[in-house]
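Heads up, the thing below is written out as structure tokens.
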Amino acid sequence: MTKSALQVARAAYAPKLPKALQGAVAIAEGEKTQSVADQAEIEKLFPNTYGMPLLTFESAKEQADLPQVNVGVILSGGQAPGGHNVISGIYDGLKKLNQANKIYGFLGGPGGLVDNEYMELTDEIIDEYRNTGGFDIIGSGRTKLEEEWQFDKGAENCKALDINAIVIIGGDDSNTNACVLAEYYLQKGNGIQVVGCPKTIDGDLKNEMIETSFGFDTACKVYSELIGNIMRDANSAKKYWHFIKLMGRSASHIGLECALQTQPNACIISEEVEQKAQTLGEVVDDLAKVIAKRAANGEDFGVALIPEGLVEFIPEMKTLIAELNDLLAEGTDKAETFQALRKSERLAWVAKHITPESAEVFTSLPEGIATQLTLDRDPHGNVQVSKIETEKLLIEMVEKRLKKMNKAGEYVGKFSAQNHFFGYEGRCAAPSNFDADYCYSLGYTASVLLSEGKSGYMSSVRNTTAPAEEWIAGGVPVTMMMNMEKRHGHMKPVIQKALVELDGKPFKAFAAKRDEWAVKTSFVYPGPIQYFGPTEVCDPTTKTLEIEQA
């Protein structure tokens, strides 16, 4: 593999570890836990992994002799910066605890466990990937481990390789599956442990014990650099409004963090839109008012940040989408009638077959978006909301609203817009120093949990705004994070998603400043991630964590 000068320099970077992981490790058990909600149902489903205690690692005088453990590692779901360092941490931790330990990587995600596609990881392989972005060391995938035949096949494949432990590195759904797998293997008594590591750039896997998911820091720094570049361009040309959609379908953590880093003129927070029960028209009106205010000051330019999943948080849009899913459900008479119509007739037909309230919303949408809502279905027959070009939808609707305001005699200036979507740009970036350290610590923590025979736990590293040596490593039972939610028509146990808390410190810090940022050109240009230099430049974590733990 040809390496850039930066990669060569980064390969030599030694990630920092919490003090408790730097030598011999002892485990202190805390209080027994319970799930965040639906305690009786979760306990019934997870009799072997429910109520386990929190674990905290402490420095020990000498390391106890630990049996050999062979571990299979799985990268699950979308990429996030730092995944390679999680695997490096697992590898180094296992080898330090017992040189005979082996680590295997299942290829292409959870499907590799079921299909028995794997590779043994060695010093030579691991050293190629230290402190690099991406998941290409073993690849990732979105196969869900949900059915018993998958569990049994995975166990069979593990036994053939003498693997007695699995680490699943993924988001909330992947770690839910990890817990289900841990419970199943404990019930079967086959001796295979399962531990999870918290990954997602969206930031929606967080709680009291998981302060942040890995990759969020790096991705937000990458997006903030790009936003800052666009802000500099906007402030130079002074003629464009830039509408920037950011990843985060289920929560607006990325948008909020990037706003705190860059100070845009507008940033929509989906959770606030939902709480206020705002209509799409009201969201558009708010943006138009900001644009008009800046125009009155002679500034026909600006930057607005848009969360990817916005439309699912607008109550009237959510209702419309549900009605469209029912109306156009595959195999129904109405769906067949719709398909038989000419394309020019379809939108009018749909408007007649949904409620008047939804029809009013549907007919107010730009034709391209309305058509997209009727055509793009996922395998479950639902609208693929993530593919809706929300930033283009808002640009078109804001333009129409500004024209109405102009006709009514209000000065709105000259509105010209550019649209952007930042998503894949941040998922495989070289991890920041924070993520390089945090991910390595998460992996090292997983190696200790496995060596100590633990299963059904997730690696936890806390106190993350302090220097890395002061971080607190340990394990949190996955069942502690669970509640019951309806998925595909059935109630299932899942890790509770963490949404932006509107009474939380980070949102309040943003809300206190956004009116000022709306009118003033208060742009901040963060620049690229710094890997070498003063600690205050290279090692800070997110604004979100800094504000939460201040």
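Here is how the numbers come out for the structure above:
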| quantity | calculated |
| --- | --- |
| 5 angstrom amide H check on ILE472, placed H, neighbours 5+ away | ARG462, ASN463 |
| R0 of 25 Å, Cβ-Cβ distance LYS44-GLU146: FRET efficiency to nearest 0.05 | 0.85 |
| Tilt relative to the chain, helix 253-262 - C-alpha long axis, 0 to 90 degrees, to 10 | 70 |
| Nearest 10 degrees, 0 to 90: helix 433-451 Cα axis against the chain principal axis | 40 |
| The chain, relative contact order in percent, only Cα pairs under 8 angstrom and at least six apart counted | 24 |
| Diffusion constant of the range 412-489 at 4 °C, which comes from Stokes-Einstein with the Kirkwood Cα-pair radius and 1.567 mPa s, µm²/s | 79 |
| Helix-derived mean residue ellipticity, 222 nm - over the chain, DSSP H n ≥ 4, -39500 (n - 2.57), to 500 | -13000 deg cm²/dmol |
| Karplus 3J(HN,Hα) series, Hz, for the range 420-427 with 6.51 cos²θ - 1.76 cosθ + 1.60 (x for Gly, Pro) | 9, 9, 9, x, 5, 4, x, 6 |
| Relative contact order %, the range 46-158, counting alpha carbon pairs below 8 Å whose residues are six or more apart | 31 |
| Peptide ranges 527-536, 460-469 listed from the most packed, as the mean C-beta count within 10 angstrom indicates | 460-469, 527-536 |
| Cα-Cα pairs of the range 390-433 separated by more than 14 Å (percent) | 62 |
| Two-decimal Rg/Rh across the range 433-550, once Rg and the Kirkwood Rh are taken from alpha-carbon atoms | 1.06 |
| Globularity index of the range 89-210, i.e. its alpha-carbon radius of gyration over 2.2 N^0.38 Å | 1.06 |
| Percentage relative contact order, the range 414-515, counting C-alpha pairs under 8 Å, at least six apart | 14 |
| Selection from TYR440, LEU260, THR122, by position along the positive dipole direction of the chain (Cβ) | LEU260 |
| Rh (Kirkwood; distinct C-alpha pairs) - the range 304-346, Å | 12.2 |
| Karplus-derived 3J(HN,Hα), 6.51/-1.76/1.60, for each residue of the range 349-359, Hz, glycine and proline x | 5, 4, 4, 7, 10, 10, 4, x, 5, 5, 4 |
| Amide proton proximity set for LYS245, modelled H, under 5 Å, gap of 5+ | ILE306, HIS420, PHE421, PHE422 |
| Dipole in debye (nearest 20) - the chain, about Cα centre, beta carbon charges: Lys, Arg +1; Asp, Glu -1 | 1420 |
| Euclidean distance between Cα centres, the range 133-205 to the range 530-550, Å | 32 |
| Cross-link pairs beyond the 32 Å C-alpha cut-off, checked among LYS199/LYS334; LYS44/LYS497; LYS3/LYS144 | LYS199/LYS334; LYS3/LYS144 |
| The chain - Rg over Rh from alpha carbon coordinates, Kirkwood radius | 1.00 |
| Most to least packed among 188-197, 156-165 [average Cβ atoms within 10 Å] | 188-197, 156-165 |
| Calculated over the range 33-130: convex hull of Cα atoms, volume per residue (Å³) | 178 |
| The range 323-476 shape via C-alpha gyration tensor axes, a/c threshold 1.5 | oblate |
| Rule-of-thumb Rg ratio for the range 154-217 [Cα; 2.2 N^0.38 Å; N residues] | 1.26 |
| Estimated FRET transfer efficiency when R0 is 60 angstrom, pair THR2-ASP333 (beta carbons, to 0.05) | 0.55 |
| Neighbour net charge for SER460 - beta-carbon separation under 13 angstrom, K R +1, D E -1 | +1 |
| Under the Karplus curve 6.51 cos²θ - 1.76 cosθ + 1.60, θ = phi - 60°, whole-Hz ³J(HN,Hα) for the range 240-251, x wherever Gly or Pro sits | 10, 9, 10, 9, 10, 8, 10, 4, x, 6, 9, 7 |
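Read-outs: derived from the displayed coordinates by stated rules, not from any lab. Only a predicted model underlies this, so the values are computations on that prediction, with no experimental measurement involved. So basically every Cβ, Gly included, is an ideal-geometry build from the backbone, and we count neighbours across all protein chains shown.
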